[in-house]
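One structure below.
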Amino acid sequence: MAKSKLNDVLKRLEDIETWASMGLSESQIAYNLGISRSSLENYKKQNLDIVNSLKRGKSRASFKVENALYKKATGYVVKETVPCKVKENYYDDNGNKCMKENIVVVETEKEVPADVQAIKFWLINKEKGKWKDQRLNYGALLSPSTVTAFLYKLSVCGLVPRRGQSRLLFI
C-alpha cells in the first residue's frame, strides 16, 4: 500500500493558497503537490485546513477579478512616462542661429473610458433584480401580413422582383 502524503501536503498550505489565488485548478494544484486529484479530494475530506487554504486562495483570485472588472466598468486614469523631444533655439558666439534637441521623459495621465460590455456584465450579475439581459426576438414582432406588406412596398420601388421578373437583386 502506498504511503500517505498528507503530512507533506499539510506543510505546503501556503503554496496551495498561492496556487489557488493564481487561478490554478485543483487538478493542477494536485500535480504541483505530486499527488493525484483523487488523493487531494480525500485529503480535503480528512483535513479542513486544506479546504480553507483553497477557499482563501480562490476568494483572493475572485477579489482581484472583481476589482479589475469594476475598474474597467467605471473607467480609470493611467500614468504613463513618455519620452518627448524638446527643441531649443539659441545663437552661438558668431551670431548664427543654432538648434539643440534634448529628449525629456514626461509623466502624463491617460484616461481609459468605461467599457460598455463590462458595465453590462456587472449590472446583470450584481443587480439581478433591476437588470437582465433581454434579447429582442424580431421574428415575434413581424407578423406574416406585415412582412407581405413590406415586401410589396419594396417591389413597388423596384428593390424586390415581382412575379415573372428576374430574381436578380440590386443591392
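A few comments on the model shown:
- Residue match in region 111-118 (condition: open to solvent by 40 Å² or more (accessible area, probe 1.4 Å), in contact with a Lys or Arg (Cβ under 6 Å, 6 or more places away or on another chain), under 30 Å from W131 (Cβ atoms) and not in a helix (DSSP H, G or I)): yes
- Among the numbered conditions (1) at pLDDT 90 or above; (2) closer than 16 Å to A20 by Cα; (3) among the hydrophobic types (A, V, I, L, M, F, W, C), the only one that V77 does not meet is (2).
- Test: residue in region 48-62 that is of a type in the set (A, V, I, L, M, F, W, C) and under 15 Å from the mean Cα position of the chain (by Cα): yes
- Residues in region 38-66 that are of a type in the set (A, V, I, L, M) and modelled with pLDDT under 90: A61, V65.
- Members of region 86-112 found to be modelled with pLDDT of 90 or more and either touching a Leu at 6+ places or on another chain (Cβ under 9 Å) or closer than 30 Å to A68 by Cβ (or both), listed by number: V105, V106, E107, T108, E109, K110, E111
- Condition met for T108 (in contact with a Lys or Arg (Cβ under 8 Å, 6 or more places away or on another chain) and outside any helix (DSSP H, G or I)): yes
The values are calculated or read from the model by the stated rules, or taken from the named source; none is laboratory data. All values reported here derive from a predicted model rather than from experimental measurement. Methodologically, a virtual Cβ is constructed for each residue, glycine included, from the backbone with ideal geometry; neighbour enumeration extends over all protein chains shown. Keep in mind that these areas ignore ligands, DNA and RNA; they rest on the heavy atoms of the full protein, side chains included. Shrake-Rupley method; radii C 1.70, N 1.55, O 1.52, S 1.80 Å.
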